[in-house]
Amino acid sequence: MSAAGRDRSSAAEPLLQVEDLRVAYPRREGGWSEVVRGVSFTLGRERLGIVGESGSGKSQTGRAVLGPSAPSGRVSAQRLAFGGQDLLRMPAADRRALRGRRIAMVLQDPKYSLNPVMTIGEQIVETLRSHRRVDARAARDAALRSLAAVQIDDPQRVFGLYPHEVSGGMGQRAMIAMMLIAEPELLIADEPTSALDVTVQLEVLGILDRLVRERGMGLIFISHDLRLVSSFCDRVLVMYAGRVVEEVDAADLSRARHPYTQGLLSCLPRLGASTHPLPTLDRQAAWAQ
């Protein structure tokens with residue numbers, strides 16, 4: 001789908017609508033600490049990047065959409081709707097049914113996300129059969145096709161391996177295969193390439209890009225890497241201290257206007273540029289207001 005087509009789709013029928021999203025956790029000394037404060041955006045069948053430093057609230061934003069926030073947390077919004085359905089007001093059982101089936105999330109590090117005592121194939125099959133009524137043979141065949149779709153050369157062999165027997169890149173591909181086997185409409189990818197070397201990063205991004213284009217999914221790509229997001233996504237939200245400080249087309253990220261975004265960009269290393277003095281981010285209290 002072209003960028004213009006994605007824009008028209010997003011304007012006409014947003015896949016996801018987020019208005020004034022807030023996530024808070026209780027303080028030990030009493031009261032609440034808001035880690036996401038008033039975040040608003042819409043998502044069509046496109047690639048939306050969310051960037052910011054650690055602690056900016058980008059991962060909490062993605063988890064609030066999916067729903068697995070800690071039990072002690074509090075999530076509220078003027079509107080949090082997926083496909084026209086109010087996520088915050090629907091019954092808990094209906095919300096659970098959406099997770100994995102229509103909304104899926106790829107987490108940052110497969111060694112913490114995959115079950116160490118189950119083979120990769122068993123975990124993918126379990127994911128599929130929890131959302132669809134298929135027999136064991138059909139589920140196995142679907143799992144092998146899913147592994148092949150993420151460019152794993154020998155799906156039969158990887159199907160029978162345990163997570164500790166594969167590399168980080170292979171484990172991340174297996175995670176993507178697991179999250180996509182039920183063919184969700186929205187994929188939230190939280191730092192899916194941060195633990196990978198540059199070559200494998202490009203391969204994983206290529207897989208995500210192809211799947212978004214072929215399946216017409218919406219993608220929320222959470223990252224701290226501005227260069228990566230500017231080259232991969234369609235739009236970018238820049239977060240600081242739980243708030244969105246700027247929204248910009250990815251192609252125009254280098255011309256961002258907010259001083260926080262400009263500061264992040266100035267800290268990126270550039271070939272041939274002087275490294276003395278090292279650039280630093282001059283934080284302003286007003287950014288967090």
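Things worth noting here:
- Search result, residues across segment 155-183 that are acidic (Asp, Glu) and in a helix (DSSP H, G or I): Glu165
- Leu15 of a type in the set (A, V, I, L, M, F, W, C), over 21 Å from Tyr240 (Cα atoms) and modelled with pLDDT of 90 or more: yes
- Residues (more than 17 Å from Leu15 (Cα to Cα) and in contact with a helix residue (DSSP H, G or I) (Cβ under 9 Å, 6 or more places away or on another chain)) located in segment 72-89: Gly73, Val75
- Enumeration of residues in segment 145-154 that are of a type outside the set (S, T, N, Q) and either more than 25 Å from the chain's Cα centre (by Cα) or assigned to a loop (DSSP other than H, G, I, E, B) (or both): Val150, Ile152, Asp153, Asp154
- Selected residue (only one of Arg132, Arg101 is touching a helix residue (DSSP H, G or I) at 6+ places or on another chain (Cβ under 9 Å) and among the charged types (D, E, K, R)): Arg132
- Of all residue pairs spaced 6 or more apart or on separate chains, those with beta-carbon atoms under 7 Å, a first member in segment 22-37 that is in a loop (DSSP other than H, G, I, E, B) and a second member that is modelled with pLDDT of 90 or more and surrounded by 11 or more Cβ atoms within 10 Å (Cβ to Cβ) are Arg27/Ser33.
- Filter result (farther than 18 Å from Ile50 by Cβ and outside any loop (DSSP other than H, G, I, E, B)) within segment 61-77: Arg74, Ser76
- Residue identified as surrounded by fewer than 22 Cβ atoms within 10 Å (Cβ to Cβ) and hydrophobic (A, V, I, L, M, F, W, C) among Met239, Met217: Met217
- Residue count for segment 68-95 under the criterion of being loosely packed, with under 13 Cβ neighbours inside 10 Å, free of Cβ contacts under 8 Å to residues at least 24 places away in the same chain and either in contact with a Pro (Cβ under 6 Å, 6 or more places away or on another chain) or under 21 Å from Asp190 (Cα atoms) (or both): the result is 1.
- Test: Ile176 is within 30 Å of Gly55 (Cα to Cα), surrounded by 15 or more Cβ atoms within 10 Å (Cβ to Cβ), of a type outside the set (D, E, K, R) and touching a residue at least 40 places away in the same chain (Cβ under 8 Å): yes
- Here the condition is being at pLDDT below 85, within 29 Å of Val212 (Cα to Cα) and of a type in the set (A, V, I, L, M, F, W, C); of Leu228, Leu268, Leu237, Leu278, it holds for Leu268 alone.
- Taking segment 191-289 and the strands (runs of 3 or more DSSP E) fully enclosed by it, the elements with 2 or more residues that are within 14 Å of the chain's Cα centre (by Cα) are at 218-223, 235-240.
- Candidates Gly73, Gly62, filtered to the one that is more than 30 Å from Glu214 (Cβ to Cβ), of a type outside the set (D, E, K, R) and at pLDDT below 95: Gly73
- Residues satisfying the stated conditions in segment 78-104, i.e. in a strand (DSSP E or B) and modelled with pLDDT of 90 or more: Arg79, Leu80, Ala81, Phe82, Gln85, Asp86, Ile103, Ala104
The values are calculated or read from the model by the stated rules, or taken from the named source; none is laboratory data. Source: prediction; values computed, not measured. Every residue, glycine among them, receives a Cβ derived from its backbone with ideal geometry; neighbour counts consider all protein chains shown.
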